[in-house]
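Below is one structure, written out as structure tokens; comments come after it.
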Amino acid sequence: MITREEIDRVLQRYDKDKITVGTLGSHSALNIFKGAKEEGLRTVCVCTPRNEIIYRKFPLADHVIIVENFTQLLDEKIQEKLQRLNTILIPHGSFTAYLNTEQLMSNLYVPMFGNRQLLDWEANREKQREWLLKAGLKLPRIFRTPREIDGWVIAKFPGARGGRGYFLASSYESFERKVAAMLSRGLVTEADIEKIHLQEYIIGVNVYPHYFHSIIENEVELLGVDRRYESSIDNLGRIPAQEQLENEITPSYTIIGNIPLTLRESLLATLLEMGDKVVETAKRLAYPGIIGPFCLETAITENLEIYTFEISARIVAGTNVGIGTSPYAYLKYGGKMYMGRRIAMEIKSAIEQERINDIVT
Ligand code: AMP
Ligand code: AMP
């Protein structure tokens, strides 16, 4: 694994007055670039030919590096180019979706805003569960085998696939039937079935709070909340029950976009405490803990119980709903604050205080 000393050596060669904010062209790149530009930093986008149009039509990247696929981020030439631009990379969902954590931790010598070790905690369901439990959060039960199913479960597949192929089951029999259906629709493979993760399905609504842990200010901030818009589950209500039964519809949870949310104010107390506890626990698990953005994925029941089913130790695409501002960012900062800009602000403060080493790994 790349040590902080090795990253410090790369940083020593950097011109701190010409830091460039870089990321892969997808997920929350526009959010990150806009924030960097508003804070007066340069930007670099590593993207594929397919998505180049996005960064041409929204011209927020000062440099665009075209690669055939995202794993080329690891190529020596690309890394050298990024280092010459004094780049600090902002990891997002595509980093873990298209590269594996081993590659990110051992082969990427460009300083990253965030704690690389936590990307590994995030990628591993067991470790993630340990982290959240240690932080004292309420989690859905998990079922080791399909035979244990005794209520509603959601079946998940490995990796951040944005909910593609997830399905619900309420018994061993319905699980087997649905697996067969998913296989025949090509939504999952036999190999996926081996690694299936069965989680208690929480009946309630999904709420995704976005937090920022500032190393410089030593503070955990709540900057926004979203809910997801998932296909096909979110529009099944438009098909009457009769027709649903007629067609034996199997819903899926493919992420299409996000919808901003404000919460019943009293819920904020618990959510704010949860953010603090997650940060405190992370410090003990992988020092210095979370650097910058993180998000909890929660489901809140009719009894106002908050269940957390996942954590992302990096910017999430749900923060895109706050580009410009969100009510919570507004309450703390006034207008024009959002995750991409908050990241850039932290980088700028770190440069000013000569603490850049504290916020990258
Ligand atoms: P993409 O570049 O669109 O393939 O996205 C990269 C990864 O991030 C995939 O695993 C997606 O499922 C995930 N992702 C992209 N957009 C969102 C979103 N709005 N909310 C949650 N996850 C997302
Ligand atoms: P994930 O890939 O874990 O973020 O899950 C994708 C989607 O599945 C979420 O946005 C929720 O709609 C749903 N979901 C996941 N886990 C649960 C759960 N334990 N209870 C209820 N809904 C869930």
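Some values worked out for this structure:
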{"read-out": "Antiparallel DSSP beta bridges within the chain, as percent of all bridges there, nearest 5", "value": "75"}
{"read-out": "More than 19 angstrom apart: percent of Cα pairs within region 94-147", "value": "41"}
{"read-out": "Helix-only mean residue ellipticity at 222 nm for the chain, each DSSP H run of n ≥ 4 adding -39500 (n - 2.57), per residue, nearest 500", "value": "-10500 deg cm²/dmol"}
{"read-out": "Amide N proximity, region 300-343 versus Leu168 label position 7 Å along Cα-to-Cβ, cut-off under 20 Å", "value": "300-310"}
{"read-out": "Compactness of region 142-200, expressed as Rg and Dmax over alpha-carbon positions, Å", "value": "10.4, 27"}
{"read-out": "Kirkwood Rh (inverse of mean 1/r, distinct Cα pairs), region 240-361, angstrom", "value": "17.3"}
{"read-out": "FRET efficiency, Thr145 to Glu248 (Cβ-Cβ, R0 22 Å, nearest 0.05)", "value": "0.30"}
{"read-out": "Per-peptide average of other Cβ atoms within 10 Å, ordering 99-107, 321-329, 12-20 highest first", "value": "321-329, 99-107, 12-20"}
{"read-out": "Helix 267-285 axis, angle to the chain major axis (alpha carbon atoms, nearest 10°)", "value": "60"}
{"read-out": "Unit Cα scatterers, Debye sum, region 4-113: log10 I(q)/I(0) for q = 0.09, 0.14, 0.17, 0.20 Å⁻¹", "value": "-0.20, -0.50, -0.75, -1.06"}
{"read-out": "Whole-number Å³ per residue for the convex hull built on Cα positions in the chain", "value": "148"}
{"read-out": "Dipole in debye (nearest 20) - region 175-300, about Cα centre, beta carbon charges: Lys, Arg +1; Asp, Glu -1", "value": "80"}
{"read-out": "Accessible carbon and sulfur surface of the chain relative to its total accessible area, %, 1.4 Å", "value": "48"}
{"read-out": "Cα-centred dipole magnitude for the chain, charges only on beta-carbon of K, R (+1) and D, E (-1), debye, nearest 20", "value": "620"}
{"read-out": "With Cα atoms, 0 to 90° folded angle of helix 125-134 axis to the chain main axis", "value": "80"}
{"read-out": "Alpha-carbon centroids, region 326-346 and region 145-224: separation in whole Å", "value": "30"}
{"read-out": "Unit charges on C-beta of K, R, D, E only; dipole of region 33-133, Debye", "value": "320"}
{"read-out": "Degrees between helix 29-38 axis and first principal axis of the chain (Cα, 0 to 90, nearest 10)", "value": "30"}
{"read-out": "Alpha-carbon Debye profile of region 258-327, log10 I(q)/I(0) at 0.24, 0.28 Å⁻¹", "value": "-1.29, -1.41"}
{"read-out": "Signed unit charges on C-beta, dipole axis of region 4-113, positive-most listed residue Leu104, Gln12, Ala36", "value": "Ala36"}
{"read-out": "Given charges at Cβ of Lys, Arg, Asp, Glu: the chain dipole, positive-most of Ile311, Pro146, Leu74", "value": "Leu74"}
{"read-out": "Label-to-label distance, nm, for residues given as Leu268 and Glu5 (7 Å Cα→Cβ offset)", "value": "4.6"}
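The values are calculated or read from the model by the stated rules, or taken from the named source; none is laboratory data. In this text, all values refer to a predicted model and were calculated from it rather than measured experimentally. For neighbour counting, all protein chains shown are included, and Cβ atoms are generated from backbone atoms with ideal geometry for every residue, glycine included. Surface areas here come from the heavy atoms of the whole protein model, side chains and all, with no ligands, DNA or RNA. Shrake-Rupley method; radii C 1.70, N 1.55, O 1.52, S 1.80 Å.
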